[in-house]
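Below you'll find the structure, written out as structure tokens, and then a few comments.
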Amino acid sequence: MTVLDHDVVADQLKNAPTKNEKVLSFVSRIAHLTTPDDIVWIDGSEGQKALITQQLVDAGTLVALTGTKDSYYAASDPEDVARVEDRTYICSVDEKDAGALNNWVAPAEMKQTLNGLFEGSMRGRTMYVIPFVMGLAEADQPMFGIEVTDSPYVVLSMLIMARSGKYALDAIDAQNADFVECVHSVGAPLAEGEEDVAWPNNSTKYITHFPEERSIWSFGSGYGGNALLGKKCYALRIASAIAHDEGWLAEHMLILKLTNPQGQVKYIAAAFPSACGKTNLAMIEPTIPGWKAETLGDDIAWMRFGDDGQLYAVNPEFGLFGVAPGTGYSTNPTAMHAIEAGGNIFTNVALTDDGDVWWEGKTDEKPAHLTDWRGNDWTPDSETPAAHPNSRFCTPISNVPTLAPEWQNPNGVPISAILFGGRRKTTMPLVTETRDWNHGVFMGSVLSSETTAAATGAVGVVRRDPMAMRPFIGYNVGDYLQHWLNIGQTDGAKLPKIFYVNWFRRDDDNSFLWPGFSENSRVLKWVFERVNGTVDAAESPLGFTPTEDGLDTEGLDFTEEQLRKALAIKPEEWETELASIEEWYAELGDSVPAELRAEVDKLRTHLGLA
Ligand code: GTP
Ligand code: SPV
Ligand code: MN
């Protein structure tokens, strides 16, 4: 550090809106390393937001839409469209603490690499300082962060996705609170006079986490979970490590409030892998008369025990970062109404000729002409999709018309049932209830799903995704599974029942066996009534299954034959599945807790394969 550099940063920090030494020293340290032209503190005011928005419009990063209120369109670099799991690292001090599913590099070595990459990485750009809190500052245990970034697109997205700005900084100061240090750069410094591009990024990408230090360094990507560091990096990877130490759960789950016709309320959490239906279920419009569903969260749930022994879930986020394709008035009208309310940023969808956005499934009829997400002309005859399969809408959660009044309850809502599920063409039945907590943890640990476009890499390949957390567990998967078992042993715990669902099973002709979407309310009703003890179930090799008339299919155009197929546990499929589960546990090795290995033996016996 030269004397001159020091003066520049000190000068840039003169008007900082805080005197907090911890905050100032963090920002100063990163500014010295990355040498931005300027430092801007994000307060979250409308004026500041408008200014940054205008700059992004002028730069060509954002296009102002005329068809949707107060909304903007962005197209990323075609190489920067999803989370990069192969570039994501958990840099624990000890390699074994990263476990079998994470990439690991020793912290000192990774810091050296990062120092090299971040040195001067913000040259020619503005460094934005975004104070934020995941959940509410008024929570018993508020969870703060500060993201410094050179991406104004990230700033606008963070303002939607996390409670950011003055509210968070004031609380950090007032509570003299610790915060997770989040450092982000698109990794595209500008030389003097060099013209910027609309979506700066770098072909070298690093999404790195230091769980002991509780810090995050992200380089080279501007997209989604790679760059909005409050989301997957903090609220799942770092928070899961904290939760492990402190006896709670940070999970990739939606939170839903369900009210039956008698006015009884239950809260349900559900873990499905990326692009497997969380946002849709969180916003479900039930088709069964008298039932009401309300939304609390669509991606992340933090669950802590309350004094009454129940698990209370909080959605730490403030917005939705939802998969656009497949979202339409017939599938998810609630999301469409949320989008209509305005204040959206759409990324990698298609542009209509009259200044609105479109994606596959938004309307049944395809527009005659579009500009696709790559900026090319598109017509219904085009061979490539108009919107990227992982294109997203970023929308304030307060827009959601079905938002439950408890959504700002700082300590959450009590969870009665947890659903695990994935995208499987075969094998997994529509719904099954597990026998007890350990059996439920077992079913979560072998959760499987066909991969989607939410991460780079092959799509449609079946992989195991424990609790839908495979890409997000910030520590050793074996310790994570043991932690789930330990939660079940907590003194005085009133545990939720655990179910396993699959909306994606296919018929012989490859069509979906189950209509899904709003009709999933029929499965939710069964879950609700199982929790209440008001509906019978039959025993099955996987636990409990609906009796012949257990699932309410009234008014549904669905034959008994179809229902039987949807619920079937086929011996020939399960022979293969069991072998695959054994392979999975072999892959995880010694880290798999003995209680879960015992569940494999029980499953073999229940299937009659012992
Ligand atoms: P992330 O935000 O990536 O974590 O995804 P998510 O789990 O919130 O998934 P989302 O609800 O956005 O759904 C992903 C895709 O699955 C969309 O294209 C939906 O249309 C589709 N989908 C959701 N629910 C159902 C269902 O019940 N049946 C079928 N067939 N498709 C569904
Ligand atoms: C997911 O991939 O699970 C998402 C999108 O919710 S991202 O924010 O990119 O992680
Ligand atoms: Mn997700």
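Calculated mean residue ellipticity, 222 nm, the chain: -8000 deg cm²/dmol, from DSSP H runs (n ≥ 4) at -39500 (n - 2.57) each, averaged per residue and rounded to 500.
Listed by chain and number, the aspartates and glutamates placed with their C-alpha closer than 17 angstrom to that of LYS69 are GLU46, GLU340, ASP353, ASP354, ASP356; residues fewer than eight positions away on the same chain are left out. Inverting the pair-averaged 1/r between distinct Cα atoms of region 517-565 gives 11.5 Å as its Kirkwood hydrodynamic radius.
Taking a sphere under 14 Å around the Cβ of ASP549 and counting the other residues whose Cβ falls inside, with K and R at +1 and D and E at -1, yields a net charge of -3. Taking the average, over residues, of other Cβ atoms within 10 Å as the packing measure, peptides 32-44, 278-290 rank 278-290, 32-44 from highest down.
Note that region 332-348 has calculated 3J(HN,Hα) couplings of 9, x, 4, 5, 4, 5, 4, 5, 4, 5, x, x, 9, 10, 9, 10, 6 Hz, one per residue in order, obtained from phi through the Karplus relation 6.51 cos²θ - 1.76 cosθ + 1.60 (θ = phi - 60°); glycine and proline are x. Near the amide H of MET127, within less than 5 Å, lie the amide hydrogens of ASP37, ASP38, ILE39, VAL40, all on another chain or at least 5 residues away, with H placed in the peptide plane. Annotation: the antiparallel percentage among DSSP beta bridges lying fully within the chain is about 65.
For region 117-162, the convex hull spanned by the alpha carbon atoms encloses 74 Å³ per residue.
For the peptides 69-76, 451-458, the ranking by packing is 69-76, 451-458, with the highest mean count of neighbouring Cβ atoms within 10 Å listed first. Across every direction, the projection of the convex hull enclosing the Cα atoms of region 143-226 has a mean area of 6.7 nm². LYS425 sits among other residues whose Cβ lies under 10 Å from its own Cβ, and their net charge, with Lys and Arg +1 and Asp and Glu -1, is +2.
Value of Rg to Rh for region 337-380, rounded to two decimals, is 0.96; Kirkwood radius and Rg both from alpha-carbon coordinates.
When the Cα gyration tensor is reduced to axis lengths a ≥ b ≥ c, the ratio a/c is 1.5 or higher for region 194-338, and with a/b not above b/c it is classed as oblate.
What Kirkwood Rh does region 320-399 have if only Cα atoms enter the pairwise 1/r average? Answer in Å. Taking the inverse mean of 1/r over all distinct Cα pairs, region 320-399 comes out at 12.6 Å. Each 10 Å bin, from zero up to the one with the longest distance, holds this percent of the alpha carbon pairs of the chain: 3, 17, 28, 27, 17, 7, 2, 0.
Under the Kirkwood approximation applied to all pairs of distinct alpha-carbon atoms, what is the hydrodynamic radius of region 323-461 in Å?
18.0
Overall shape: oblate for region 462-569, with the ratio a/c of the largest to smallest alpha carbon gyration tensor axis at 1.5 or above and b/c at least equal to a/b.
Read-outs: derived from the displayed coordinates by stated rules, not from any lab. Everything numeric in this text was worked out from a predicted model, so none of it was measured. Counting neighbours? That spans all protein chains shown, and the Cβs are built from the backbone with ideal geometry, glycine included.
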